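**Student:** One structure coming up, written as structure tokens, with questions to follow.
The values are calculated or read from the model by the stated rules, or taken from the named source; none is laboratory data. Not measured: the values here are computed from a predicted model. Note that each Cβ is placed from the backbone with ideal geometry, even for glycine, and that neighbours are counted across all protein chains shown. Just so you know, the surface numbers come from the protein's heavy atoms only, side chains and all, with ligands and any DNA or RNA stripped out. Shrake-Rupley method; radii C 1.70, N 1.55, O 1.52, S 1.80 Å.
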Amino acid sequence: MEGFFNLISSFQTQSEPAYCGLASLSMVLNALAIDPGRKWKGPWRWFDESMLDCCEPLEKIKAKGIAFGKVVCLAHCAGAKVEAFRTNQSTLNDFRQHVITCTSSEDNHVITSYHRASFKQTGSGHFSPIGGYHAGRDMVLILDVARFKYPPHWVPLPLLWEAMNTVDETTGNYRGFMLISRLHRAPSLLYTLSCKHESWVSTSKYLMDDVPLLLESEDVKNVQQVLSVVFASLPNNFGEFIKWVAEVRRQEDGNSSLSTEEKERLAVKEEVLKQVREAGLYKHVTEWFSSANSCCQNIPSLDGDDTLSQIAASVCCQGAELLTGNSSTSNEFCCKETCVKCLKANGDMPVTVVSGTVLSGCSEQGVELLVPSSPTRRRACCGSSSSNYFGMHPVSNDVVTVLLLALPPRTWSGIKEEKLKQEISSLVSTESLPLLLQEEVLHLRQQLKFLRRCQDKEISSPHDTGKSEINVKT
């Protein structure tokens, strides 16, 4: 029971009848002291169920619950290391050994997915963490997050296995358990893949399966032709698949200064952006975007001067929803106005901040978006002269470059022209990238592999998902 006190300190009651998966996960993430990457309330950085929405809309979870595979996805998104096992992939003895290992450590925890009927309890499918193991009686302590129904209780481990060894009627897949621990390295910093929009299935399949076949079938002669082949048949809503990450905070009255921690996080994001734009592949992508080849593609244009305000209007509404703890729907929030500002103090580099006033019913809330940027242009500042200096926020060129770098090396192996294949291999090689960008690309590559298998029926091997180390932050 080495991990018991960390878990019990974070023990919570699920806030909705269908939030058992979210409550179990937020409880374990807090027990592991994983940084959510944003504030919960006040200055506190703490996981709450309302933050766990990167893989499935909260409204959908509230109405229908959440499947095993999506909880695994959420754990990855939150920056944890996860090993997931369905009962048809494991054995009773393997499960017992995992329980013993995790309950003998403060650094690993088990979340189980089971059917209550085996315990003669009311209800059906449920998630809860394991808080301890009694070796003499072969029993486990379930810290039931539905505390309005059942207090923590001991059950025989074989009986818990029986409860897990049932089929979820919604997905047709077996239930199981997941082992959650901290990552040994930082999660991704600036870019992330998203499975929130339903188009992620077709997009991940296209990138992982179809692109290598297309390159093998086409007689491409240069890098520009390679890019044209990759982008010619992009699925609809491709822009929903990869995002750049910005920090959202409440607007403080009369104080827009950044804390030391905020400056440090923003500086790291900006360094990643700078390294992307210095990569050799970026120059080719930029050339492709400026050519006629890029017309009429399913790639969102992020280059207009007005786009940052448009992005901010949407993100500020999402931020207000999270900051107020209102998980109903961001459609209830309307951004009244946005203002792009340039903050510079004490000799620091200028920082781009977009402030927004968000309306919800009769109430207003000020929200600020901290924008990573690189120094490329001057733009008029809200309430200031046109001489104020602004950097350029992440745009299509950057996002596409980092996604191409994240594709598996085998993607390019079908190129027939040997000299071109070597040139492409050199451009996408992670070994030649600066350390920050290298880690970012490797995270995205693992995330891409995971998302390709993230449908419940495709999480079929712990080797497929257990080694993926992913972080997605909204």
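**Student:** Report the label-to-label distance for VAL229 and GLU364 in nanometres (one decimal), using points 7 Å from each Cα along the Cα→Cβ vector.
**Tutor:** Output for this residue pair reads 5.6 nm.
**Student:** Between HIS153 and VAL167, what is 0.36 nm times their sequence separation minus the Cα-Cα distance? Round to one decimal in nm.
**Tutor:** Length difference between fully extended and current span is 2.7 nm.
**Student:** Go through 70-82, 141-153 and give me the packing order, highest mean Cβ count within 10 Å leading.
**Tutor:** Output ranking for 70-82, 141-153: 70-82, 141-153.
**Student:** Turning to a different aspect of this structure: Given the peptides 438-448, 225-235, arrange them by the average over their residues of other C-beta atoms within 10 Å, most packed first.
**Tutor:** In descending order of packing, they fall as 438-448, 225-235.
**Student:** Still on this structure, I have one more. Stretched out fully, how many nm does the piece from GLN97 to SER217 gain, at 0.36 nm a residue minus the Cα gap?
**Tutor:** Net length gain for the segment: 38.4 nm.
**Student:** For a Förster distance of 45 Å, can you work out the FRET efficiency between the beta-carbons of GLU417 and TRP44, rounded to the nearest 0.05?
**Tutor:** 0.20
**Student:** So, one more: Give the carbon-plus-sulfur fraction of the accessible surface of region 2-182 in %, rounded to a whole number; probe 1.4 Å, heavy atoms of protein chains only.
**Tutor:** The value for region 2-182 is 51 percent carbon and sulfur by accessible area.
**Student:** Could you state the accessible area per residue of region 2-182 in Å², with a 1.4 Å probe and every protein chain left in place?
**Tutor:** So region 2-182 comes to 39 Å² accessible per residue, rounded to a whole number.
**Student:** Additional query: Calculated FRET efficiency, ARG182 and ARG410, Cβ-Cβ r, R0 30 Å, to nearest 0.05?
**Tutor:** Efficiency, rounded to the nearest 0.05: 0.50.
**Student:** In nanometres, what is the gap between the two model label sites at GLU262 and SER429, each 7 Å from Cα along Cα-to-Cβ?
**Tutor:** Here the answer is 4.2 nm between the modelled labels.
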